1. Which condition from (1) surrounded by 11 or more Cβ atoms within 10 Å (Cβ to Cβ); (2) at negative phi is the one that residue 246 breaks?
2. Collect the residues in the stretch 195-210 that are at pLDDT below 95 and either of a type outside the set (S, T, N, Q) or part of a helix (DSSP H, G or I) (or both), keeping them in residue-number order.
3. Does at least one position in the stretch 112-122 carry a residue that is surrounded by fewer than 20 Cβ atoms within 10 Å (Cβ to Cβ) and in contact (Cβ under 8 Å) with a residue 24 or more places away in the chain?
4. Would you confirm whether or not the stretch 82-94 contains a residue that is at pLDDT 85 or above, charged (D, E, K, R) and either surrounded by 14 or more Cβ atoms within 10 Å (Cβ to Cβ) or touching a helix residue (DSSP H, G or I) at 6+ places or on another chain (Cβ under 7 Å) (or both)?
5. Taking only the stretch 56-75 into account, find how many residues are touching a residue at least 24 places away in the same chain (Cβ under 8 Å) and within 20 Å of residue 131 (Cβ to Cβ).
6. Against the definition (touching a Gly at 6+ places or on another chain (Cβ under 6 Å) and either in contact (Cβ under 8 Å) with a residue 40 or more places away in the chain or over 22 Å from residue 133 (Cβ atoms) (or both)), how does residue 224 come out, yes or no?
7. Only residues that are touching an Asp or Glu at 6+ places or on another chain (Cβ under 6 Å) and basic (Lys, Arg): list them for the stretch 70-122, please.
8. Given the condition part of a loop (DSSP other than H, G, I, E, B), at pLDDT below 95 and hydrophobic (A, V, I, L, M, F, W, C), answer yes or no: does some residue in the stretch 231-244 qualify?
Amino acid sequence: MGHISYEKIKELPPMPQIAKKVIDLLEDPDFSFAELVRIISKDANITVAILKLANSAFYSPKNEIVNLTQAMSYLGVKAIKSLVISLSTKSLFNHGRVNLIDQKLWEHSVATAIMSRLIMLKVDKKLVEEAFLLGLIHDLGVSVMKMNIDNYDDILQEVFNEKLNLLDLENDRVGFNHAQVGSEVMKYWNMPELYQDVVLNHHTPENSENTSLVYVLYIANNVLKELGIGIGGYNENFTECLEKIGLDLENFEEIKVMFTEVYKSEKELFAI
């Protein structure tokens, strides 16, 4: 696993099966849409979530969408791919009994996905689905460390109680951090290099070449911690990064207002 010693990480989680099937199918340019519907319809939870999302303020359809085929045609293949990956990774965020920290981490991931999508709608519409998906999986490394490292729950508790910087504490106590582990998961799942890079640099955007994606994620991640959605401290100078993605404070305030409305109505869709 790269140049860092990860011997404490015994195993990386496999990509959830339904996500893998969807990605494999979509790699064929002549894939069958009917087959895609068939694969997804086998998972009742994901089917219901996609139907609810298609009818939500998040995607604002003109008429009610009543079945999966309609929902998938309306949302488009890119959105479906990111939703399936997102919704199927929820299981990696809670291991058996869900405690407050698990809940906060999942809530933060969902909120970051929604905020990243709203920011990216103003920055570059072509990257909206990537921004959403990266928002949802940016902290996957936290879950993997939680599964593998004995005293990691204590680190999370300390970060939560004292609003510390998680990355710094991980580097000090463990010798590597969740951004590095998350990037390894992306690699293990054969996700594009873009995902590996943005997950690796979501706390250090200046090290990435994927400027708009990494800064959108960085800003979303920090503003949500500022709003109290998540655990740990945040970088107070994050608004200085807005110009990197061509936004000003006024645009950003509008996005925050929009986020509050969307998040309130849509967080139930992700079963928070």
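1. Only one criterion is unmet by residue 246, namely (2).
2. 209
3. yes
4. no
5. Residues that pass the stated criteria total 4.
6. It is true that residue 224 is touching a Gly at 6+ places or on another chain (Cβ under 6 Å) and either in contact (Cβ under 8 Å) with a residue 40 or more places away in the chain or over 22 Å from residue 133 (Cβ atoms) (or both).
7. 78, the sole residue that qualifies.
8. There is at least one residue in the stretch 231-244 that is part of a loop (DSSP other than H, G, I, E, B), at pLDDT below 95 and hydrophobic (A, V, I, L, M, F, W, C).
The values are calculated or read from the model by the stated rules, or taken from the named source; none is laboratory data. The structure presented is a predicted model; accordingly, all values stated were derived computationally and were not measured. Glycine also receives a Cβ, built like all others from the backbone with ideal geometry; neighbour counts cover every protein chain displayed.
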